[in-house]
1. With the cut-off at 31 Å, tell me which of the pairs A:LYS275/C:LYS210; B:LYS154/C:LYS179; C:LYS210/C:LYS268; A:LYS275/B:LYS154; C:LYS168/C:LYS210 have Cα atoms farther apart than that.
2. Mind listing the phi-derived Karplus ³J(HN,Hα) values for region C:313-323, rounded to whole Hz, using 6.51, -1.76 and 1.60 with θ = phi - 60°, and x for any glycine or proline?
3. Going by the alpha-carbon gyration tensor, a ≥ b ≥ c the square roots of its eigenvalues, is region C:202-243 rounded (a/c under 1.5) or, if a/c is not under 1.5, prolate (a/b greater than b/c) versus oblate?
4. Please tell me the relative contact order of chain B in percent, rounded to the nearest whole number, where contacts are Cα pairs under 8 Å and at least six residues apart.
5. List the equivalent ellipsoid semi-axes of chain B in whole Å, largest first, each obtained as the square root of 5λ for an eigenvalue λ of the Cα gyration tensor.
6. Which value in Å is the Kirkwood Rh of region B:128-263 over different Cα pairs?
7. For C:VAL192, which sequence-distant residues (separation of 5 or more, or a different chain) have an amide H within less than 5 Å of its own amide H, given hydrogens modelled in the peptide plane?
8. With θ set to phi - 60°, apply the Karplus curve 6.51 cos²θ - 1.76 cosθ + 1.60 along region B:120-134 and write out the HN-Hα couplings as whole Hz, x wherever there is a Gly or Pro.
Amino acid sequence: MTDRKPVYLMTPALAWLTAFMVVPCLLILALAFFRRGIYGGIVYEFTLSNIALVFDPLYARIFLKSAGIAGLAATIAVVIGYAAAYAIASMPRKRQPILLFFAVLPFWSNYLVRTYAWIVLLNREGLIVSLARAVGFDGDLPQMLYTETAVVIGLVYNYLPFVILACYAPLSRLNPEIHEASRDLGASEWTTFRRVTLPMTVPGIATGFVFVFVLSIGNFVTPALLGGGQFQMIGNLIYDQFLTANDWPFGAALSMFLIAIMMGLLTLQTFASEKASGQQRAEVSDD
Amino acid sequence: MTNRSSLRFMLLILSATFAFLYIPISVLFALSFNASGLPTAWTGFSTHWYGELIANSDIIGAALNTLIVAIVSTLAATLLGTLLAIGVEIRRRKGRVLETVIFAPMIIPDIVLAIALLSFFSMLDFRMGLHTIIISHTVFNLAFVCAVVRARLKSFDWSIVEASTDLGATPPITLRRVILPVLTPAVVAGALLAFTLSIDEFIIAYFTAGSGRDSITLPMQIFSMIRFGVTPEINALAVLVMTLSVVALAISQRLNRGRLPGQ
Amino acid sequence: MTSTLLSLANIEKRFGELRAVNGVSLDIRENEFFALLGASGSGKTTLLRMLAGFDMPSSGHILLDGHDISQVPPNHRPVNLMFQSYALFPHMTVAQNIAYGLEMEKLPRTEINERVDEMLSTIQLTHLAERKPEQLSGGQRQRVALGRALVKRPRLLLLDEPLGALDKKLRGEMQLELKHIQNTFGITFIVVTHDQEEALVMADRIAILKDGELLQCGSPHEIYEYPVNRFAADFIGVMNFLPARVDSGALRAVNGSRIAAPLPADLKPGDNALAAVRPERLRLGVADADNCLNGRISAMAYHGLDLHLHLETPVSPHPVMVRLTADAAEGHPFSVGEEVSVGWSARDTRVFTA
Ligand SMILES: Nc1ncnc2c1ncn2[C@@H]1O[C@H](COP(=O)(O)OP(=O)(O)OP(=O)(O)O)[C@@H](O)[C@H]1O
Ligand SMILES: [Mg+2]
């Protein structure tokens, strides 16, 4: 096979990606170092003030807040998702694919629609309130929609299927004999889980967590719809810089930070899975 | 893991998870057929709200736009992504940087790609509209098509390519008569996945659509409707959109030998 | 004497430091059934791929009908390869698989159909013409792969382990069928195998490769009876090696006893040597034998047609194998631990440099 053929096959797609992804992203990178004009627009003059502004307490708080919400959503999603994946993996082998299919199916329906479903459930004339009334409860119900809780629920709901998928992969590859061996050596069910199953499935957990965290922290739809503009997350902040405040350089600086956080986490995650798989290899060769 | 009480516990976890996943969706489904359209009372089965949808020219227009975007970007992405996948797999050993470029559109936050493209198009004084949405959707769609096709190529028997050459075929003929037909199911699966993603995609479309009303897509329409509050029409629309994506996904996953995209 | 079809002149193939094929020169004749025999990793596939055109030799020339084809791409060589994995096109039917190569030659449709039908009946798959490869058994796939290559009527057909994936019984049948097909079509076959028995059964001539080098090339009889050195002798069949020393025109075993054998000219007194004799050449009793040997039975194996004895002897650190036919073993109730004497003639002894 000559070396020229593959290049020739890849060229169109790579050209496309270069023109419409690499160049625009580099543009954003450059934009972060320019000054904003008085009436919006961009003045081509080098400055670090946009970067500095990101660390301004006002915006740093938003960053921390977003990180907090994303972290909470990711933690909850991982706990539920791992439990569900574990449950699927402990069902008969034949049943597992179909269970997995239905666990992941909602993920492929429209994100807006899935978020909207929670508006229907949580709003003041929504289903949950109606149900409470129907069973005779007529005290004051707390506000549910347009709260942080609603945002967290929405994020968990939307990304849970992915976490199940990510956790299921290593769980299904676990050799049941390893589990049995541990039991045979006298470990209890719980000790076996803690000392054997959990460490060997860390990569799935890490993938799930990072994925939910990254998608949540940059999310803009869920806070906008379920948070009702009560508070901002980074995604909304970036959105505002481009579509309302018209401060593109600052928006660009924020995006850069978002990407930096994302890349940092992905590197950590790669590291975690490599370490875990190294551990597995060591365990195998120890036997 | 076959212990009885622990099995019961597992079933409990599963039921709770599935309830959490499916109750919200089912509620929408039920509401869309509720004559009153309100969650407060069931006033009888009706397809009234679906009728309303069809009569709403904004929605129909948006739906048409979405279809145009999805179809054109899927076609472009399928062509580009498939060739890319074949090329990459032929010379897999080299190029880490390349891998990053190919994976990036799938992991980059939507909002970042959206603003990057917005800045790019507006700085070039590119008039924005459906065509810029199509261009932008092709970026991530081709990455997904490429991923699905590459997954199939991992188990591809490359000796049939040599066999074809040995029997006298030139490389383009081998590509057309051997490689592509064998890959067809994966290519179609990738295309359907891209189609689903494109139909549902909101943020990037929102940023690259320009300001004209005539380039509004269905998700953009849904977004603005949701912002106005709960209306029975959205329920019906939601159910339709969801059904469409799920059907496309189901076909895609069948073709992809029972593997879900991303698995 | 038939004419030479293919000439390999000093072919060499390097992968980095490794010389996968090292200075191989061979002539292959028109209409010959030629077997390339060698252990795993000896360079058989590499050599075949160079003949088919998928790899270029690092140096040396490949001449087909006297023309150098080293640089001709595979799709322009009148040479076809039957792949070890068969490499059938999974999306095409049996008939389409077979027609593919003819379509590449842009033959008229009617001729293609005719030749495909003819080939289908030759390989006895007419009734399965519309099946896809995945609906075929291993043996049927093997025949499709053969038919697909054969239908192009190449000057030379290369077969990489053609029977490797078949079970033992089917292999036996297919060995004969391959030979039959080769005869009818009159096409030169080069078959790669690591099964020495298969090579002996099918081939007109055999080449033995070891670590990329050609050890010996000759007819099955030559190869079996007159191996050129101890490696060739060891590779084909079973051979007993007795360490020995050349001592003023005679060969002496380690215990000093004399071994009667034709001595090669290059062995000088004082040289170490190996005397070799095949297990089936050993006979019970020592009457009128040139050589004799006493030993104790350490193991026995009954194989139906014959009986194998392992003897512990003073002349070799390894057990000496004896293969007795059922007739010869008749009436001898052997038991482990028993002492027996065996003998063999000088004619059946080969002597190699150690
Ligand atoms: N593309 C390659 N790159 C590097 N080394 C190779 C390559 N192909 C083959 N080799 C090496 O060349 C040697 C000969 O390989 P070859 O495949 O020809 O062996 P073979 O005789 O066909 O063995 P087998 O009976 O196992 O098929 C081996 O050591 C192999 O590792
Ligand atoms: Mg080989």
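1. A:LYS275/C:LYS210; B:LYS154/C:LYS179
2. 3J(HN,Hα) across region C:313-323, in whole Hz: 10, x, 9, 9, x, 9, x, 8, 8, 10, 10.
3. Here region C:202-243 falls in the oblate category.
4. Normalised by residue count, the contact order of chain B is 29 percent.
5. 38, 28, 18
6. Computed over region B:128-263, the radius equals 17.3 Å.
7. C:LEU36, C:LEU159, C:ASP160, C:GLU161
8. 4, 5, 6, 5, 7, 6, 6, 6, 9, x, 4, 5, 6, 4, 4
No value in this document is a laboratory result; all are computed from the given coordinates. Small disclaimer: the values here were computed from a predicted structure and weren't measured. FYI the Cβ positions are ideal-geometry reconstructions off the backbone, even for glycines, and counts take in every protein chain you see.
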